[in-house]
1. Considering only strands (runs of 3 or more DSSP E) fully contained in segment 256-351, which possess at least 3 residues that are β-branched (Val, Ile, Thr)?
2. Restricting the search to segment 243-285, which residues are of a type in the set (S, T, N, Q) and surrounded by 15 or more Cβ atoms within 10 Å (Cβ to Cβ)?
3. Just name the residue that is surrounded by the fewest Cβ atoms within 10 Å (Cβ to Cβ) out of those in segment 220-242 that are assigned to a helix (DSSP H, G or I) and of a type outside the set (S, T, N, Q).
4. Filter segment 191-219 down to the residues that are part of a strand (DSSP E or B) and polar (S, T, N, Q) and list them by number.
5. Go through segment 20-56 and count every residue that is within 30 Å of the chain's Cα centre (by Cα) and not aliphatic (A, V, I, L, M).
6. Restricting attention to segment 8-29, report how many residues are part of a strand (DSSP E or B) and either closer than 23 Å to ASN84 by Cβ or charged (D, E, K, R) (or both).
7. Any chance segment 30-40 includes a residue that's in the same structural domain as HIS106 (by TED's automatic domain parsing), out of contact with any strand residue (DSSP E or B) (no Cβ under 6 Å at 6 or more places or on another chain), basic (Lys, Arg) and outside any helix (DSSP H, G or I)?
8. Would you check which residues across segment 121-154 are of a type in the set (Val, Ile, Thr) and buried (at least 20 other Cβ atoms within 10 Å of the Cβ) and list them?
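The values are calculated or read from the model by the stated rules, or taken from the named source; none is laboratory data. Only a predicted model underlies this, so the values are computations on that prediction, with no experimental measurement involved. Positions of Cβ are generated from backbone atoms using ideal geometry, with glycine treated the same way; all protein chains shown enter the neighbour counts.
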Amino acid sequence: MVNKVPEGWKNLPLVNLAYYHNGRAFKPADLETKGLPVVRIGQLTGTSPDYDFYSGDDVNEKNLLQNGDLIFSWSATLMVTFWNGGPAILNQHLFKVVPKPSVDHHFLKFVLENSIDALADASHGSTMRHIRRSELKFHHVNVPPLPEQKKIAAILSSVDEAIEATEAVIEQTRTVKRGLLQELLTRGIGHTEFKKTAIGEIPRSWKVYKLGEVAPFQTGYPFKSNEFSQQGDRLLRGSNVGVGTINWSEGNTCFFPTTRRDEFRQYLLKDGDVVIGMDRPFINDGFKTAQIQKNDLPALLLQRVGRFLPISNEILLDFVGLLAESKFVQGYLQKTQKGMDLPHISKSEIENCLVPIPPKNEQIKIADQISSIKNSIRQNNNSLTQYYQLKKGLLQDLLTGKVRVNTLDLPALLNAEAPAEAQAE
């Protein structure tokens, strides 16, 4: 479908905007331990930080990378990014994108980023999302003159910078939280006597239990997708569980008819519930566990997500949430998770984690010390969500010409609450 073209703009297929050079198809025997690093998608996403190398002198210039080169991953993980890792060689399933003289490279990045979903939808017929090169001939975009491209790119880059700054604050705050949490869960508050246990040294008055002994883990119900509805109670799926946050973004949320709520009351989530996503539980940001807030409700627990149900009032839910974020739980589950293509953990593995349990009054004190940091992370995650929503709207408005750069008040749009600094009490 051809978009309405503003005066002075052109409507062009993506293939006309740049040269798309596919990476080199290396054989395992080609790879070495020295030479130029070979860049795969895992290095771009951070899932595989270790590089293979190649020292041969037969590398085509089209496959060589320098800082600032634009990379388009077109298979499985679809993304567009700039390379800033120094001289390297591009592997197959990645395009090195070289813009034509009339196209700004930052503008082109945002155009490709905004086109990914439409390109993937057009390349149907595969169980794995990918983009065929031929689709670049048929997908048209509106292209303004070069000066306006640069202005659009500058605006969108400002939003990206706000996103990156907020993500940096979140990561800094998480680092502070991890250090304080480890100290509190091993040393407690005000203790002078300690004992050695199967999980290390802890205060003498504390006890060690399997997590399932103090807070059994309830897994969700296998709701059938053909019974989902357009509105109603939200279904908490694994894709909704992030690192310390619940993601109900558009396109990532499924619903179940409210009229059938009573049939599944035992799976209704409650304020304060601690949940874990059991499929691919460890992602780039960390471990997929979060605590349900009032604004997440009403919601139902779907299979492959679970929640803890403390056996008595002596076990504080907020403290169980801290245990789920601790090295005691995550270290054990990292060792026991199974599966390569889809790593996963089981109910029994979660319940078998050995954890330290202090008296309830000290659980409360520990949770209180962590609460301000958790609130800071939550606030910054909310800001991050708003920035992503802002960027999504701007991509649509600016790249179609619906909103022109000379009518946009970017400072007002970015006038969100500044990310809170990470602090430890």
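1. Values: elements: 274-277, 289-291, 299-301, 305-308.
Filter on segment 256-351 gives 274-277.
2. Residues of segment 243-285 that are of a type in the set (S, T, N, Q), as a first pass: 245, 247, 249, 252-253, 258-259, 266, 284.
THR245, THR253 - these are the residues of segment 243-285 that are of a type in the set (S, T, N, Q) and surrounded by 15 or more Cβ atoms within 10 Å (Cβ to Cβ).
3. Going residue by residue through segment 220-242, those that are assigned to a helix (DSSP H, G or I) are 225-227, 238-240.
Restricting the remaining residues to those that are of a type outside the set (S, T, N, Q) gives 227, 238.
Working: GLU227: 9, GLY238: 19.
Among residues in segment 220-242 that are assigned to a helix (DSSP H, G or I) and of a type outside the set (S, T, N, Q), the one surrounded by the fewest Cβ atoms within 10 Å (Cβ to Cβ) is GLU227.
4. Narrowing segment 191-219 to residues part of a strand (DSSP E or B): 194-197, 200-203, 207-210, 217-219.
Across segment 191-219, the qualifying residues are THR197, GLN218, THR219.
5. Applying the first criterion (within 30 Å of the chain's Cα centre (by Cα)) to segment 20-56 yields 20-26, 36-53.
Retained after the next criterion (residues that are not aliphatic (A, V, I, L, M)): 20-24, 26, 37, 40, 42-43, 45-53.
Result for segment 20-56: 19.
6. Let us first name the residues in segment 8-29 that are part of a strand (DSSP E or B), namely 10-13, 18-22, 24.
Applying the additional criterion that residues be either closer than 23 Å to ASN84 by Cβ or charged (D, E, K, R) (or both) yields 10, 18-22, 24.
Number satisfying all stated conditions: 7.
7. no
8. We begin by selecting, within segment 121-154, every residue of a type in the set (Val, Ile, Thr); these are 127, 131, 141, 143, 152.
Listed by number, the residues that qualify are ILE131, VAL141, VAL143, ILE152.
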